[in-house]
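This structure is in structure tokens; I'll ask about it shortly.
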Amino acid sequence: ATLSTMESTSKHLCQRHQMVINFEDLGWHKWIIAPKEFRTNYCKGDCPFSLMSFFNSSNYAFLQTLMNSRTPEVPKAACVPTKLSSISMLYYDSYGNIILQHHEGMVVDECGCG
Amino acid sequence: PQLEEASLLHFMGLNKVPSPRTTQPVPSILMKIFQERQKAAATGHYQKLCYVKEFGVPGNLIRLFQDQGALSHPMEVAQAPPCTQKFHFFNLSVITQDEQLMMAKLDLRLGLNAYNALQQDLEVMVSVVQGPAPQPDQKLVLHYLPWSQRVLHVDLLDVVKEWNSNPQSNLGLVLELLPKGNNDSTMTIYPEGTCDNWRQFIQASLMVVTLTHQECPRFPHFPRKRR
């Protein structure tokens, strides 16, 4: 029972969840040459004080969550990206020029309480 | 969704969803560089994203400018034979202030049909238009194009730096076909067919590499001419 409770709780804890950005879904496939889609993550879940040491959280997240247990109007630390990476994109601009550029911070690699 | 779309486009340096009227084919070299960069980004080798080893220059932004010559010189289309000139114009206004020009290469591809009826070797004269048409005072960049070769690369870095720092000076380029070794430009050649179909066999594009120090702080900042 404990395990299942723990397990069900762990589902609600802050973690990354896979997401696929497909440019056709956005209707952008006419001007984005490549990639057609890319895999990233989104961050979702709870940041309870009792488990903060499991997360690669920052010190201010500890303090903020500590303060939340005393004064509820101070929100808990949030589940946010803690490691990002870039992707390269090949696309047309409005003049028909072809542009190859890499864009920082487009892919979420890891999440944590921050 | 429009707000989300606008904010992501702004992040990419675009102010609206691009809707190009004509799209040029993607050269294989760009696809190759794209795949190399995808690998570098995925493995965290970010320093590779600031150097274009295929061209041997520092840079993190590569653009292939499409020739807007036909749009900017409509009068050329009416020109009667002999028509041995073609205007080319590249709109560089998308290059921003914080970008540093590292390479600008004109790629000319002359289709087979432009030479069919012409047996003698040809010279291709690429000129920078400096005065108002029709009598532009041109600075010549003369290149010989032998029969077998049909792709010509011209380094235009200095010209593009001038156009970028002084946009009014960008009046485009003129490409002219002349018989080899002929200085007397009155003797011209008569390519097959009408002017228009001769011209469509001459395709030009301008490959430009720039470096933004914000994304590539490691590379030295070369002194820039004030605009």
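We did not get these values from a lab; they are worked out from the coordinates using the rules stated. Predicted, not measured: the structure shown is a model, and the values here were computed from it. All Cβ positions, glycine included, derive from the backbone under ideal geometry; neighbour counts span all protein chains shown.
Could you tell me the calculated FRET efficiency between B:Leu9 and B:Gln97, based on Cβ-Cβ distance and R0 = 22 angstrom, to the nearest 0.05?
Computed FRET efficiency for B:Leu9 and B:Gln97 comes out at 0.65.
Count the net charge of all other residues whose Cβ sits under 11 Å from the Cβ of B:Leu108, scoring Lys and Arg as +1 and Asp and Glu as -1.
The answer is +2.
Need the full-extension length gain, A:Gln18 to A:Ser69, defined as separation in residues times 0.36 nm minus the C-alpha distance. One decimal, nm.
Length difference between fully extended and current span is 15.3 nm.
Something else now. Grab the other residues whose beta carbon is less than 9 angstrom from that of A:Leu100, score K and R as +1, D and E as -1, and report the net.
+2
In addition: Based on other C-beta atoms within 10 Å, arrange B:Glu176, A:Glu24 from fewest to most.
In increasing order of surrounding Cβ atoms, one gets A:Glu24, B:Glu176.
OK, next. For the range A:27-114, what class follows from the C-alpha gyration tensor (a ≥ b ≥ c being the square roots of its eigenvalues): rounded when a/c is under 1.5, otherwise prolate if a/b is larger than b/c, else oblate?
prolate
In addition: Would you mind ranking A:Lys44, A:Lys11, B:Lys48 so that the residue whose beta carbon has the fewest other beta carbons within 10 Å leads the list?
A:Lys11, A:Lys44, B:Lys48
How well do other chains shield peptide A:82-94, expressed as the mean number of their Cβ atoms within 10 Å of each residue Cβ?
Taking the mean over all residues of the peptide, I get 6.
Mind checking the full-extension length gain between B:Gln24 and B:Thr43? Use 0.36 nm per residue of separation minus the Cα-Cα distance, one decimal, nm.
Extra length available between B:Gln24 and B:Thr43 comes to 3.8 nm.
Hey, another quick one. Give me the net charge for the shell around A:Ala78: Cβ to Cβ below 11 angstrom, other residues only, Lys and Arg +1, Asp and Glu -1.
So the surrounding residues net to +1.
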